[in-house]
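A.B. asks: Got a structure for you, written out below as structure tokens; questions coming shortly.
Only the coordinates and a few stated rules stand behind these numbers; no lab work does. Keep in mind it's a predicted model, so treat the numbers as computed, not measured. Neighbour counts are summed over all protein chains in view; Cβ atoms, including those assigned to glycine, are modelled from backbone coordinates with ideal geometry.
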Number of protein chains: 2
Amino acid sequence: MIGGRRPLQGRKVADRRVRVERPHSPYFRYTGPGMLTAKAAASLAPAASRRPSETIRRLLFGRRLSNEEEAFERLPKKLALPIFSSDAISSSAYATEEILRVFVVAGAGALLVSIQMSLAIVALLAVVSVSYRQVCRAYPSGGGAYVVARENISHLAGLVAAAALLIDYVMTVAVSTASAVSQVYSVVPELYDIRVEIALGAIALITIANLRGLREAGLFFASPTYLFVGLTLLVIGLGIARIATGQGAVTAPPTDQLLPLGTEPLGIILILRAFAAGSVALTGVEAIANGVPAFKPPEAKNAANTMTTMAILLGVLFIGITIVADGFGIRPTEQGGPTVIAMVAAAVFGDGTIPFVAFQAATALILFLAVNTSFNAFPRLSAILARDEYMPRQFAFRGDRLAFSWGIIALASVAGLILIIFGGDTHALIPLYSVGVFVTFTLSQAGMVRHWFTVREPGWWWRAGVNAAGAILTLVVLAVVTSIKFVDGAWLVIALIPIQILVFTFVHRQYAASRAQVALRPDQVAPEPHRHERVVVPVSGINRAVIQAVNVGRSVSSDVRAVLVSDDPVYAEEVRAAWERQVPGVDLIVVESPYRALTGPLLAYLEVLDLTWPPDKEMPVTFVVIPEFVPRHWWERLLYNQSTAELRRALLGRPDTVVTSVPYRREEPDAFRRRDGTDAENR
Amino acid sequence: MIGGRRPLQGRKVADRRVRVERPHSPYFRYTGPGMLTAKAAASLAPAASRRPSETIRRLLFGRRLSNEEEAFERLPKKLALPIFSSDAISSSAYATEEILRVFVVAGAGALLVSIQMSLAIVALLAVVSVSYRQVCRAYPSGGGAYVVARENISHLAGLVAAAALLIDYVMTVAVSTASAVSQVYSVVPELYDIRVEIALGAIALITIANLRGLREAGLFFASPTYLFVGLTLLVIGLGIARIATGQGAVTAPPTDQLLPLGTEPLGIILILRAFAAGSVALTGVEAIANGVPAFKPPEAKNAANTMTTMAILLGVLFIGITIVADGFGIRPTEQGGPTVIAMVAAAVFGDGTIPFVAFQAATALILFLAVNTSFNAFPRLSAILARDEYMPRQFAFRGDRLAFSWGIIALASVAGLILIIFGGDTHALIPLYSVGVFVTFTLSQAGMVRHWFTVREPGWWWRAGVNAAGAILTLVVLAVVTSIKFVDGAWLVIALIPIQILVFTFVHRQYAASRAQVALRPDQVAPEPHRHERVVVPVSGINRAVIQAVNVGRSVSSDVRAVLVSDDPVYAEEVRAAWERQVPGVDLIVVESPYRALTGPLLAYLEVLDLTWPPDKEMPVTFVVIPEFVPRHWWERLLYNQSTAELRRALLGRPDTVVTSVPYRREEPDAFRRRDGTDAENR
């Protein structure tokens, strides 16, 4: 016997323990008295493969993974850069276009202001990324805005950051997918009509890949980013060379789809509007700071340097694309036309040429990679929130492939819904995107200021100053973005954040309340049980499953009643006659149910049992013992256990009642076989 | 104490019984020793209202009904006629059109043959209805084809009839809905484009109404039939008068949509084709024979007479519409144009006039009524098949509103799917419709022949002759319809019937096999249980729910182990320290699970327990006692019990293991309160 018994002293006993404890070894390490540590093999549920939908699952999601298979890979900078930067760098695919879409109402001259505007946004990017370098250093364990804000400001600030981040991740999926699809229909305009279907199909694929436990690692995930950066730098270089030599655009953009040039004056509102639109370039900048532990040591330093490289790359691409677009006089098209970045590439490479198509493919790929980043980040944050009891606990459960399945499915569903509602239009989605990002930035930087004031390490005032500048700047941008884009959709995000926080708090209070309700004072000692037990076994007739259940009941108490609920008095009398002969010593109660109901009459019978109990004696615990069929195939779920499940649900509502499920299977040796002595060979 | 104990003799004991038995009275009648009969109140599950989706359900489906509320209403002939005939009579709305659609390829002259063709079909109708009058008399309890064929021919014949009937009911829903919608877009052509949506919406409404327990009774269901019959007779009368006075059509049909007249010769194939098309007029004729018990006494006579009235009405309407259509030179239109019956009405009343719109509304209404007839018949037949174990048992379960919910939902789903696949086109659906009907007819009449040979009551040879004529005639028609319409879709029905029978047989064998597996020989006597029990309680810490579960476990056996699976060794040590202080006498095993898994390590622990059991002793029954949260609100399902459910599923696969669920609720007085003496006031 093992477990829970203190090992006795003396050699003989020790020998016995060795013999007896060997069975542990595949599953556990014995780590002390009454103490086992599970090995990976024990973490796999052995019975799980019996589930009915297993075949389909395996086909879609692959074989189950043991926990050991989650390799925690440390990334060198040259892999970490592309993997953590895809979200940020891919924003250059749409940021220029968003600025041009604003300026187009003020005529051709205003379009040229977009270069200054992109410079201003890159300046903001510089401040934010310097500010985030500090986060890398201060939180080598991964400084997500939730953690930084909660630890340094308050729980509420943490929740605000978490809510904004969750919105952010959803919007990254929606915007990047929409943009990726728009790159595709920039090449094949016929696909415009099924853009939403393509987007949903892409999300479905990414969802399945992530439920399969896709890990972002290796060259496969690094290459699209490098490809995009390389090709874009080529486009910018060739473009600027052409413009400088006065060659202009090779391919004219399709003029019938271009947005008309307006004549509005270039006022402050328009400039702020363009700034708010372009600030979407900053989305995804925080990813590196969240992923510090994935870097090779020295983690903090490597991450900080990667952050700088990323910011420089993003800045160069963004400004470069804006300059070339301006130089070629490219302006945005109506819904369904090619994207600005596609027109830039077409102007440089020639429309329909192989380099053009390759460029578009690279752009679409890096955007899908950005989507995938969110598919890693959203479930991970949800799991942290679930562990902190702000979200339902199942968000912290890992699926068979070690993925946080609930989070993945929640993200895919919400993002898919948003894509459907907004008709897959990138431009329409942008106003919802940038608000959450700047909430996150502001809280994170503000948290860092508090952090430096607390730790006061050498040079803290300097570091606090950098973060304070970042916080103030991002707060101002947040105010600008929110007020400028309020009616376009920013209001929705502003409204959603408090709603999410209400839900977080509600969930937290529920868990706290139910814990408090069942909590014990540390000095309370559990009483010995002193209640009487009685057993009720609902039976449908006499068979092995019923006898097995009755015998389980008899091992609990000598007070066992079998109850037959039947609408057929003749059958009931047959059963009674057989019962008295075959199951001596156990009473059979026949409850005739003319209306064919099962659950109702049984509950009423239990009620009557309770009412007839002497009122001066403590109520006994009623064990209701139900035979339950163990399905071996998915279709068996359709054929069996339907009334059992209903009965179980109804019984779990009764006071002083517990439900014991006795499984039966066709193959299983049962009470009778055992009796016949065939026990040994059947086991 | 009641139940199962034989009442003792003697006055004193009798007195005690009176005092003790009063609690029965709201729920049961005491009908003998150990024998209770449930009253209606006991058939309602008291705990059902706790289900999470209750509010939505109540809104959609209304309050729960007790079984007593199913009034079995006896119908006078004037109500039975319209209610049971809607299916048959409504076929006149499309039968003429189906004939004309065939003849149109042979030119204007051939169209006139449609009158002779309708006369031939009405002759067939006469034979079939006389034949069915016999069924009414022989099966006053309702002679569905399944029952007649099974009792008189064989089980297989019964299953063939059942399969054909199920297909029939599905096709009635699909065809009648499609035809009803085509009557609607005959008035408002703009609705043609959303015909499938309208059809699905109508099916959804009828589904909800039937899940609410809609009963076909009263004037509400009778009026559309009378309205349709009355208005159609008016159309026919006015039409024939016009034709006789040579006034011709008032409104010309929209010629641009008419099918072109062909020049094919009027050969035998074409005539058979038209016959097969028109025979769809006979669908629904069997309904009265199925519903005999619903008639006022003398049931059989009343039903037989109603059958005759129905056949005469159907015959008159069908021939009349054909004559008027021919007289006005109306021919079918392309898909999307008005129906023939709509053009007839428009020709008589004038297109767009109020009588025309009223006529179309009445036509649509009677067609929807025919749909509703199937919504009664399909679930009822499924329930009979489920009770005979040919379909999953849940088809025999009644929902809260006493409706067979599974059957209703299955019918709506399949019919809806068919409507979508066939694009809501009545004409395309017809080939699938008439095959099943004639299979049913043939088997039913053949069964009756055998019936008369068996009972040999006075005049049996005459009655057998009538049914034999009916059987042979319908068999010939079946052969014609099947061969003529084979490629148009009849093959699908021919293929479906054996598939359904395979499923029926498979389900039947499953139930039989699992019953045989657990069956006992009548001479076997259940052994006294002699196995050891042990208890394992998975715990998450120390709280009232855990203590309650531990105490339930201690009442089962003295061999109780609590198992804490945790990924946090510090927490585990805290719990152990508290456990030793607060739950003395129960061992706590700590299983450290570094990968956060719960189910796997617990199952592995149970495996180790089994392996360490002395091999020469019989394996004990392991009771795994799990605290289960009782949800009070729907959202609590999202917050609690997720890991419990997974654990339960996995454990039910283990041999020698039973699972005991100990419910806990926030309000519930628990083991500790009881100990404090507050027990009495809390109960």
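A.B. asks: Highest first, please rank the peptides A:282-295, A:125-138 by the mean number of other Cβ atoms sitting within 10 Å of their residues.
C.D. replies: Those peptides, ordered most packed to least, come out A:282-295, A:125-138.
A.B. asks: Sticking with this one: Between A:L112 and A:I499, what FRET efficiency follows from the Cβ-Cβ distance if R0 is 41 Å, with the result rounded to 0.05? Working shown, then result.
C.D. replies: Details: r = 42 Å, r/R0 = 1.03.
It comes to 0.45.
A.B. asks: Something else: What does the extension gain come out to for A:A469 and A:T454, with contour length at 0.36 nm per residue minus their alpha carbon separation?
C.D. replies: Full extension of this stretch gives 3.6 nm more.
A.B. asks: Calculate the spin-label point distance for A:K296 paired with B:T263, positioning each point 7 Å from the Cα along the beta-carbon direction, and give it in nanometres.
C.D. replies: Distance between the two pseudo-spin positions: 8.7 nm.
A.B. asks: What are the nm distances, shortest first, from B:E580 to its equivalents in the other copies, labels at 7 Å along Cα→Cβ?
C.D. replies: Computed spacing set for this position: 5.8 nm.
A.B. asks: Place the label 7 angstrom along Cα→C-beta at B:P260 and in each other copy, then list the distances from the first to the rest in nm, shortest first.
C.D. replies: Values, ascending and in nm: 4.7.
A.B. asks: What is the sum of charges, Lys and Arg at +1 and Asp and Glu at -1, for the other residues whose Cβ falls under 12 Å from the Cβ of B:E574?
C.D. replies: Taking every other residue near B:E574 into account, the sum is -1.
A.B. asks: On to the next question. Output, in nm with one decimal and in ascending order, the distances from the B:E457 label point to the matching label points of the other copies (7 Å from Cα along Cα-to-Cβ).
C.D. replies: Label-point separations across copies, in nm and ascending: 10.1.
A.B. asks: Okay, next question. Using the 10 angstrom Cβ neighbour count as an exposure proxy, how do A:S558, B:S186, A:S86 rank, fewest first? Don't skip to the end; give the middle numbers.
C.D. replies: Details: A:S558 12, B:S186 26, A:S86 29.
Sorted ascending by nearby Cβ count, the order is A:S558, B:S186, A:S86.
A.B. asks: Next up: When Cβ neighbours within 10 Å are restricted to other protein chains, what is their mean count per residue of peptide B:645-657? Working shown, then result.
C.D. replies: On the way: counts 0, 4, 1, 3, 6, 6, 4, 12, 12, 4, 8, 4, 3.
For this peptide, the per-residue mean of nearby foreign Cβ atoms is 5.
A.B. asks: If amide hydrogens are placed 1.01 Å from N in the peptide plane, which non-local residues have theirs closer than 5 Å to the one on A:F28?
C.D. replies: The list, which skips near neighbours in sequence, is A:K39.
A.B. asks: If I stretch the segment between B:L417 and B:L191 completely, what's the gain in nm (0.36 nm per residue apart, minus their alpha carbon distance), one decimal? Could the numbers behind the result be given before it?
C.D. replies: Numbers: separation 226, 0.36 × 226 = 81.36 nm, distance 2.01 nm.
Once the chain is fully extended between B:L417 and B:L191, it gains 79.3 nm.
A.B. asks: So what is the relative contact order of region A:312-371, in percent, for Cα pairs below 8 Å that sit 6 or more residues apart?
C.D. replies: Working: 27 pairs, mean separation 12.1, N = 60.
Across region A:312-371, relative contact order equals 20 percent.
A.B. asks: Projecting each Cα onto the charge dipole of region A:533-682 (Lys/Arg +1, Asp/Glu -1 at the beta carbon, about the Cα centre), which of A:V550, A:P614, A:A577 comes out farthest on the positive side?
C.D. replies: A:V550
A.B. asks: What percent do you get for the relative contact order of region B:67-509 when only Cα pairs under 8 Å and 6+ apart count?
C.D. replies: Once divided by the residue count of region B:67-509, the mean separation gives 33 percent.
A.B. asks: Can you bin every Cα-Cα distance in region B:67-509 into 10 Å intervals starting at zero and give me the percent of pairs per bin, rounded to whole numbers?
C.D. replies: Calculated P(r), rounded to whole percents: 5, 22, 34, 26, 11, 2, 0.
A.B. asks: How would region A:272-333 be classified by its alpha-carbon gyration tensor: rounded, prolate or oblate, with rounded meaning a/c under 1.5 and the a/b versus b/c comparison settling the rest? Mind dumping the intermediate values first?
C.D. replies: On the way: a/c = 4.14, a/b = 2.39, b/c = 1.73.
It comes out prolate by the Cα gyration axes.
A.B. asks: Other chains' Cβ within 10 Å of B:385-392 residues: what's the mean? Could the numbers behind the result be given before it?
C.D. replies: Numbers: counts 0, 0, 1, 0, 1, 0, 2, 6.
Shielding by partners across B:385-392 averages 1.
A.B. asks: For region A:506-651, report the translational diffusion coefficient in µm²/s to the nearest whole number, using Stokes-Einstein at 25 °C, 0.890 mPa s, and a Kirkwood Rh over Cα pairs.
C.D. replies: Translational D for this selection: 137 µm²/s.
A.B. asks: Another question, if that's okay. Hey, with R₀ at 56 Å, roughly what FRET efficiency would B:E646 and B:A120 work out to, going by the Cβ-Cβ distance, to 0.05? Could the numbers behind the result be given before it?
C.D. replies: On the way: r = 66 Å, r/R0 = 1.18.
Rounded to the nearest 0.05, the efficiency is 0.25.
A.B. asks: Going 7 Å from the Cα of A:T309 along its beta-carbon direction, which residues of region A:100-126 have the amide nitrogen within less than 19 Å of the resulting point?
C.D. replies: What the label zone holds, given the 19 Å backbone N cut-off, is A:126.
A.B. asks: Follow-up. Mark the label point 7 Å from the Cα of A:A358 along Cα→Cβ and return the residues of region A:323-345 whose backbone N is within less than 20 Å of it.
C.D. replies: A:341-345
A.B. asks: Taking 0.36 nm per residue of separation and subtracting the Cα-Cα distance, what length does fully extending B:W635 through B:K77 add?
C.D. replies: Working: separation 558, 0.36 × 558 = 200.88 nm, distance 5.14 nm.
Going from the current span to full extension adds 195.7 nm.
A.B. asks: Take every residue in peptide B:582-593, count the Cβ atoms of other chains within 10 Å of its Cβ, and give the average of those counts. If you can, show how the numbers build up before the last one.
C.D. replies: Numbers: counts 7, 4, 3, 2, 2, 5, 4, 8, 9, 10, 8, 8.
Partner Cβ neighbours, averaged per residue: 6.
A.B. asks: Place a +1 charge on the Cβ of each Lys and Arg in region B:67-509 and a -1 charge on the Cβ of each Asp and Glu, then give the dipole magnitude about the Cα centre in debye, rounded to the nearest 20. Intermediate results must be reported in sequence, preceding the final value.
C.D. replies: On the way: 25 positive and 26 negative charges, 254 e Å.
The calculated dipole for region B:67-509 is roughly 1220 debye.
A.B. asks: Could I ask something else about it? Hey, if you put +1 on the Cβ of every Lys and Arg and -1 on every Asp and Glu Cβ in region A:79-510, which of A:F220, A:N302, A:S85 ends up farthest toward the positive end of that dipole?
C.D. replies: With unit charges placed on the Cβ atoms, the residue in question is A:N302.
A.B. asks: For labels at B:S154 and A:W461 in the simple 7 Å Cα→Cβ model, what's the distance in nm?
C.D. replies: Going from the B:S154 label point to the A:W461 one covers 10.3 nm.
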